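Peer 1: Can you read through this structure? Questions will come right after.
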Amino acid sequence: MNSHYLRIRAKNSAINGRNYNQAESGAKADDMPAQATATVGRAPQYVTILIGANDACTSSESSMTAVSTFRGHIDTALATLKAGLPNAKVAVISIPDIKRLWEVGRTSGSARTAWSLFGICRSMLANPTSTAAADTARRDRVRQRVIDFNTQLAQACAAYGPNCDWDGNAVFNYPFAFSQVSGWDYFHPNAAGQTALAQVSYAAGFNW
């Protein structure tokens, strides 16, 4: 995968630093403050943030993170980064459109089995073949929560100042295909999906 780091290094061969990953599987916005503190300890010059899918993809619609709570965690994390890394560039990436995951995967028996077996993103993916009004409305509300989270991310990044770049919903708007989704859990991106994510988010970010 041609990551942000490799793309930046390709333009500046003098760069030979380390690429640290503070991300954790299943992380939510409430994990961000601690991750930000750990990131400051690494003293990077460039920080990428992709958070929020797991705040919307929960065991039920009612257990999704509240928008105000989400924003509070993001503000705390960004304040830590700004205080500890005043000269670092911060790229904030929009949350993918998780309703599209349902759209591209609902006709796959393998995907439906994995979603059910692993209890994946039940707020969106429960009853995936249902066309009942209640299920349709639920999916739309979960998608709206993602949109609301992205709005908060955009606002928080703008408040941060010129060292923060918001991707302008580039990742949210990217029409990923079923072939770019993991064949294990049918939720995370596979190698092709990760490559596309890196390309789309990098193109929408800082002009290195």
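Peer 1: First measure r as the distance between the Cβ atoms of Thr69 and Ser13, then evaluate 1/(1 + (r/R0)^6) with R0 = 41 Å and state the FRET efficiency to the nearest 0.05.
Peer 2: Efficiency for this residue pair is about 0.40.
Peer 1: Which value at 222 nm does the chain reach when only helices count, each DSSP H run of 4 or more adding -39,500 (n - 2.57), with the total divided by all residues and rounded to the nearest 500 deg cm²/dmol? Before the final figure, lay out each step's value.
Peer 2: Values: 10 runs with 108 residues, N = 208.
That calculation yields -15500 deg cm²/dmol at 222 nm.
Peer 1: So, counting K/R as plus one and D/E as minus one, what does the shell of residues with Cβ under 15 Å around Ser116 add up to?
Peer 2: Neighbour charge sum, excluding Ser116 itself: +1.
Peer 1: For the stretch 94-208, what does the alpha-carbon gyration tensor say about shape, rounded, prolate or oblate, given a ≥ b ≥ c as the root eigenvalues, a/c under 1.5 as rounded, and a/b over b/c as prolate?
Peer 2: Since a/c reaches 1.5 but b/c is at least a/b, the shape of the stretch 94-208 is classed as oblate.
Peer 1: On to the next question. Quick one: Cα centre-to-centre distance for the stretch 147-193 and the stretch 104-119, in angstrom?
Peer 2: Here the answer is 22 Å between Cα centres.
Peer 1: Given the options Trp102, Tyr174, Gly119, identify the residue whose Cα lies farthest towards the positive end of the charge dipole of the chain (+1 on Cβ of Lys, Arg; -1 on Cβ of Asp, Glu).
Peer 2: Going by the charge dipole, the pick is Tyr174.
Peer 1: Give the residue from Gln194, Gln155, Trp184 lying farthest towards the positive end of the charge dipole for the stretch 119-203; charges sit on Cβ (+1 for Lys and Arg, -1 for Asp and Glu) and the dipole is referred to the Cα centre.
Peer 2: Value computed over the given set: Trp184.
Peer 1: Using 0.36 nm times the number of residues separating Ala83 and Tyr20, minus their current alpha carbon distance, what extension gain do you get?
Peer 2: Length difference between fully extended and current span is 20.7 nm.
Peer 1: Further question on the same structure: Give, rounded to the nearest 20 debye, the magnitude of the charge dipole that the stretch 127-208 has about its Cα centre when Lys and Arg contribute +1 at Cβ and Asp and Glu contribute -1 at Cβ.
Peer 2: 200 debye
Peer 1: Now, a different point. Which net charge results for the neighbourhood of His73, defined as the other residues with beta-carbon distances under 13 angstrom from its beta-carbon, given Lys and Arg at +1 and Asp and Glu at -1?
Peer 2: Computed value for this residue: -2.
Peer 1: Follow-up. Net charge near Val92: determine it from the other residues with C-beta under 14 Å of the C-beta of Val92, scoring Lys and Arg +1 and Asp and Glu -1.
Peer 2: Net local charge, Val92 excluded: 0.
Peer 1: Using only the Cα atoms of the chain, construct the convex hull and provide its projected area averaged over every direction, in square nanometres to one decimal.
Peer 2: If I average the Cα hull's projected area over directions, I get 11.2 nm².
Peer 1: Something else now. Please state the relative contact order of the chain as a whole percent: Cα pairs under 8 Å, 6+ residues apart?
Peer 2: 26 percent
Peer 1: Rolling a 1.4 Å sphere over the protein heavy atoms, what is the accessible area per residue of the stretch 1-154, to the nearest Å²? Before the final figure, lay out the partial values.
Peer 2: Working: 7730 Å² over 154 residues.
I get 50 Å² per residue for the stretch 1-154.
Peer 1: Then there is this: Percent of accessible area on the chain owned by carbon and sulfur, 1.4 Å probe?
Peer 2: Heavy-atom surface of the chain belonging to carbon and sulfur, 1.4 Å probe: 50 percent.
The values are calculated or read from the model by the stated rules, or taken from the named source; none is laboratory data. The shown structure was predicted, so the numbers you read here are calculated from the model rather than taken from an experiment. Neighbour counts run over all protein chains shown; Cβ positions are idealised from the backbone, glycine included. Heads up: the accessible areas ignore ligands, DNA and RNA and are worked out on the full protein's heavy atoms, side chains in. Shrake-Rupley method; radii C 1.70, N 1.55, O 1.52, S 1.80 Å.
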